[in-house]
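Have a look at the structure below, then the notes.
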Amino acid sequence: MVLDAFAEKHGADFQPWQNLGMYAKLSIGGKEVLLAKPMTYMNLSGQLTCGLARFYKIPAQNLLVCFDDMSLNLGGIRLRSSGSAGGQKGMKNIIEGMGTDKIARLRVGIGPKPDYFDAADFVLGKFSKQELPVLEQAVSRAAEALDVFLADGLDKAMNLFN
């Protein structure tokens, strides 16, 4: 949802890549930007992400991975410069594929997960009518954080949005 909002704002035109997902190349503020939307199982997000990074010779320190996080309250966003996957299997796959955990990430809160929910069911579930406005605001803020990241770097984005 974040990438879609960001892509729409910047007029990105997505193209398929090796049946693994979609990507778009664009220029933002004089910087070449590559957007990637894996269409594999989430646990295999690294197939597209790492494949595109290798093909376009993008080092890990130039990546920013955006994903949902059930350990953050609904609507919260957090940027980090590196670290473990924190239980997020798609991020784990990307870290393994790139061979480093020094990959920036933008986490969007969808939690907390109620005790009676299975994690997979919770993550794949639908948001309630009451949750949608909170989520929409988080998506908008996260897309704005991506703009700041590109224009002014990760530290500035973290200072403004964490």
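Nothing in this text is a laboratory measurement; each read-out follows from the coordinates by a stated rule. Given the structure is predicted, the values throughout are model-derived calculations rather than measurements. Here the Cβ is made from the backbone with ideal geometry for all residues, glycine too, and neighbour counts use every protein chain on show.
Scaled to the globular estimate 2.2 N^0.38 Å, the Cα spread of the chain, given as radius of gyration, is 1.00.
Summing +1 for each Lys or Arg and -1 for each Asp or Glu, what net charge is found among the other residues whose Cβ lies under 11 Å from the Cβ of residue 86? Don't jump to the answer; show the numbers that get you there.
On the way: positive: 78, 80, 89, 92, 105, 107; negative: 69, 101.
Once positives and negatives cancel, what remains is +4.
Scanning the chain for chymotrypsin sites (Phe, Trp or Tyr not before Pro) lying in DSSP loops with no more than 11 further Cβ atoms inside 10 Å, the longest uninterrupted stretch between such sites is 42-115.
The mean sequence separation of alpha-carbon pairs under 8 Å and at least six residues apart, normalised by the residue count of the chain, gives a relative contact order of 24 percent.
Contour minus end-to-end for residue 43 and residue 81, with contour as 0.36 nm per residue of separation and end-to-end as the Cα-Cα distance?
Working: separation 38, 0.36 × 38 = 13.68 nm, distance 2.10 nm.
Stretched out fully, the residue 43 to residue 81 stretch lengthens by 11.6 nm.
Counting only residues at least eight positions apart within a chain, or on another chain, the aspartates and glutamates with an alpha carbon under 18 Å from that of residue 89 are 68, 69, 101, 118, 121. Karplus-derived 3J(HN,Hα) values for the stretch 80-89, using 6.51 cos²θ - 1.76 cosθ + 1.60 with θ = phi - 60°, are 9, 8, 5, x, 6, 6, x, x, 7, 5 Hz; glycine and proline are entered as x. When the Cα positions of 157, 42, 83 are compared along the charge dipole of the stretch 2-161, 83 comes out farthest toward the positive end, with charges on each C-beta of Lys, Arg, Asp and Glu.
Between residue 137 and residue 122, with labels modelled 7 Å along Cα→Cβ, what's the label distance in nm to one decimal, could you check? Placing both labels 7 Å beyond Cα along the Cβ direction yields 2.2 nm.
Applying the Karplus relation 6.51 cos²θ - 1.76 cosθ + 1.60 with θ = phi - 60° to the stretch 147-162 yields 3J(HN,Hα) values of 4, 5, 4, 5, 7, 10, x, 5, 4, 5, 4, 5, 5, 7, 10, 7 Hz, where x marks Gly and Pro. Stretching the chain fully between residue 129 and residue 160 yields a gain of 8.3 nm (0.36 nm per residue, less the alpha carbon separation).
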